[in-house]
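The structure appears right after this line, and notes come after that.
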Amino acid sequence: MNLSQSTWLPHIVAILVVVIWGSTFVFTKLLLINGLTAAHIFTLRFIIAYLLLLAFSLPV
């Protein structure tokens, strides 16, 4: 069975998303331990997500 790169790309992206999503729980716990409030963490995550989505949506 010969799989092309086009069939592997969605799997790689999915694994990357799962790894990033899972690591956010660890980083959130570390930020809470180091004194940030839940509101601060939510705001930081929102700003980071907004900037990344903005960067992806801009034409090249």
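Before moving on, here are some points about what is shown:
- Long-range neighbours under 6 Å by Cβ, at least six apart or interchain, first residue closer than 15 Å to SER23 by Cα within the range 33-45, second open to solvent by less than 100 Å² (accessible area, probe 1.4 Å) and in a helix (DSSP H, G or I): ILE41/THR28; ILE41/LEU31
- Considering the conditions (1) part of a helix (DSSP H, G or I); (2) of a type in the set (A, V, I, L, M, F, W, C); (3) open to solvent by 80 Å² or more (accessible area, probe 1.4 Å), VAL60 is excluded by exactly one of them, (1).
- Filtered by the rule that a residue be open to solvent by less than 80 Å² (accessible area, probe 1.4 Å) and of a type outside the set (S, T, N, Q), the range 11-43 gives VAL13, ALA14, GLY22, LEU31, GLY35, LEU36, ALA38, ALA39, ILE41.
- Flag if VAL18 is part of a helix (DSSP H, G or I) and at pLDDT 95 or above: yes
The values are calculated or read from the model by the stated rules, or taken from the named source; none is laboratory data. In this text the structure is predicted, and so the values were computed from the model without any measurement. Glycine gets a Cβ as well: all are built from the backbone with ideal geometry, and neighbour counts include every protein chain shown. The area values use the complete protein model at the heavy-atom level, side chains included, leaving out ligands, DNA and RNA. Shrake-Rupley method; radii C 1.70, N 1.55, O 1.52, S 1.80 Å.
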